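Encoded as structure tokens, the structure appears first; notes follow it.
Nothing in this text is a laboratory measurement; each read-out follows from the coordinates by a stated rule. Worth saying up front: this structure is predicted, and the values here are computed from it rather than measured. Here the Cβ is made from the backbone with ideal geometry for all residues, glycine too, and neighbour counts use every protein chain on show.
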Amino acid sequence: MKKTILALTIGALIASLGACTPANQTVESTKTDQQEQVTTSDSGRLDDFFAQNFEADVKDSPLRQGYLGYKWDYDKWDTISEERFDKQANTLRARLAELSTFDQSQLSESQKLSLKINQLSIERELANDEYRHHTYIMHQFRAFHTLVPSFLINIHRISDISDAEAYVSRLDSVDTLFEQVIEQLRIREELGVYPPKWAYDQMIQASKNVITGAPFEESPNSSTIWNDFNNKIDKLELSSSEKSALLADARNAMLESVQPAYTAMIKELEKQRELSPEGDGVWRLPDGDKWYANRLAWFTTTDLNAEEVHQIGLDNVKRIHDAMRDIMKKVEFSGTLNEFFEFMRTDKQFYYANDLEGRDRYLTEATDLIDQMRNKIPEYFGLLPKADMIVKRVEAFREQSAGKAFYQSPSKDGSRPGTYYANLFDMNSMPTYQMEALAYHEGIPGHHMQRAIAQELEGIPEFQKYASFTAYTEGWGLYTEELAKDMGFYQDPYSDFGRLAMELWRACRLVVDTGIHAKQWSREDAINYLLENTPNPQNDAVKAIERYIAMPGQATAYMIGKLKIMELRESAKQKLGDKFDIRGFHDEILKDGPVPLNVLEDKVNAWVDSQI
């Protein structure tokens, strides 16, 4: 596919250069005609370039097709091989070279921005490819052992018998997928790249969870995948023979492909656990310092080094601690800030019961908060999402290793809503005073607003809607937590404390992420820092640090991005005075999809100039 699309792209380029010239023309006149052709067609050629490349990339990934709602390769998984990765890198190099051939004087301002974003995206991807094998192909937070069931459950819809057959085909090829993943694990073994020892225990346990229950063993309880397939099949109008045949095929696939695949994965993880070197951060890996510099550049879209990021974190921890002391005065708490933290961690008024009733209450109230926010949004935004959004509990098979909360984008066709997942495994880790800030960050006006709007934008290339600039997307999510206060929410001072606690968490991330990966802090050092400087409970701190270890640098994006958006808003306010329009500012942030922070600054400055 990559070769085919690349050939088509090059073929289109040749055609646009006037390859089919009459034989009786001179060389000189041919060159002149070619130049005129380039000049007049570069705008359309660029649009074709973006469209063809986006389609090629989507067709190269059945998983991405599924997330977007397409069913082109509904029975397949992605290929996880060196050959595929090599082809992808070569394709990116060819695209980067072709981008330099466009005459920007013939492009619209919007196209110039798209070209710049595409160029930066490709350069970033190629920089990552230099450290291809430094990325943990498997880690406890999010990897193939949990991707298989979560994708089948949440993404693979079954609306007819062909969808069900595709589901079975995916089950039947899990062994092939895992063989490729294991091969990637072994490549990293040769290079000395391993997650920390403790991470393997969680991966092994989560893998065992997937193959626990019927049909893998004699049990009154169904396994997660078997339960999902049965529930989806029950909703179809099928004859008894059709249903029986599908169930039999699925059962065979689970016993002959899924179970052996997970068994082999568990065996490989158990072996590598014993080989993993001591320590937690990437400093323990070959060229770990260079790899971490790459990660900071990727996630923050800045040239900040580890020491600078660490100091920004320390400065903001101090700022937020001072704001929390103001909350202490409002609620008339007598004692130190750390005593207040202990009060917020342990007082039962801030926690719902650790049972089904408590979990249902949390989901209901989180949904109500988002519904209330919806009514206020038009006062602060001109751009509004069309896609619906729901609140859902993280599934049982992955809740022990999953994060506190996360968001999944809606499908492009609107058949699947955006989803805010709340991890309710331990209700003592989900204090009610943080409920507002979490709902706004993951839902509205946070990730759902930004990601759904980006998907629905018209007049920009498809690739631009899904570009990966974490400081922008997560910076936006954190920015909206504070925006909600400007909009009149957090009337309860404890909820406002929760907002500050969430921001403090992101400031501490700058400290602990750089501490772990650049300053050789241990897992325990980092956990203790969070416990001493935040009100979050111990389980929160443990899971967070384990996540930052698995995904080096990612946690730094939130605060760096938020600080830039706040800086741009304050600058715009000062320059525009009474002319400042908050709706216009937010629309400018959102109207072109995700961008690096330096591009965002250029965009906002241009918008300000246009308002004067």
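Data overview
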quantity: Theoretical FRET efficiency, 1/(1+(r/R0)^6), r = Cβ-Cβ of residue 110 and residue 315, R0 30 Å, to 0.05; calculated: 0.20
quantity: Förster radius 30 Å - calculated FRET efficiency between residue 388 and residue 605, Cβ distance, rounded to 0.05; calculated: 0.30
quantity: Charge dipole (debye, nearest 20) of the range 355-501; +1 at Cβ of Lys and Arg, -1 at Cβ of Asp and Glu; calculated: 340
quantity: Ranked packing of 552-559, 99-106, 322-329, 176-183, most packed first, by mean Cβ within 10 Å; calculated: 552-559, 176-183, 322-329, 99-106
quantity: Ordering of 194-204, 413-423 by packing [mean C-beta count within 10 Å, highest first]; calculated: 194-204, 413-423
quantity: Rounded FRET efficiency, nearest 0.05, which uses the C-beta distance separating residue 457 from residue 55 and R0 of 30 Å; calculated: 0.95
quantity: Label-point separation, residue 379 to residue 190 (7 Å along Cα→Cβ), nm; calculated: 6.2
quantity: Rounded to the nearest 20 debye, dipole of the chain from Cβ charges on Lys, Arg, Asp, Glu; calculated: 300
quantity: Listed peptides 354-361, 300-307 by packing density, highest first (mean Cβ within 10 Å); calculated: 300-307, 354-361
quantity: Cβ charges +1 (Lys, Arg) and -1 (Asp, Glu), total dipole of the range 363-436, debye; calculated: 280
quantity: Convex hull volume of the chain per residue (C-alpha atoms, cubic angstrom); calculated: 176
quantity: Stretch gain in nm, segment residue 342-residue 598, where the contour uses 0.36 nm per residue and the Cα spacing is subtracted; calculated: 88.2 nm
quantity: Helix-only CD estimate at 222 nm, as mean residue ellipticity for the chain, using -39500 (n - 2.57) per DSSP H run (n ≥ 4); calculated: -21000 deg cm²/dmol
quantity: Distance (nanometres) between label positions extended 7 Å along Cα→Cβ at residue 287 and residue 169; calculated: 3.9
quantity: Entries in 562/603; 71/208; 579/603 that, when Cα-Cα distance is taken, lie over 19 Å; calculated: 71/208
quantity: DSSP beta bridges in the range 290-564 [antiparallel fraction, %, rounded to 5]; calculated: 45
quantity: Length released on extending from residue 396 to residue 81, taking residue separation times 0.36 nm less the Cα-Cα span; calculated: 110.3 nm
quantity: Greater than 30 Å apart at Cα, pairs in 404/519; 465/573; 87/591; calculated: 87/591
quantity: Cα-projected label distance for residue 238 with residue 123, points at 7 Å along beta-carbon direction, nm; calculated: 5.2
quantity: Rh (Kirkwood; distinct C-alpha pairs) - the range 306-423, Å; calculated: 18.2
quantity: Neighbour-count order for 271, 603, 543, fewest beta carbons within 10 angstrom listed first; calculated: 271, 603, 543
quantity: Computed lengthening from residue 580 to residue 368, 0.36 nm per intervening residue step minus Cα-Cα distance; calculated: 73.2 nm
quantity: Options 72, 512, 49, ranked by Cα towards positive dipole end of the chain, top entry (Cβ charges); calculated: 512
quantity: Mean Cα-pair separation over length for the chain, i.e. relative contact order, pairs under 8 Å, 6 or more apart, %; calculated: 16
quantity: Taking the C-alpha atoms of the range 155-278, convex hull volume expressed per residue in Å³; calculated: 108
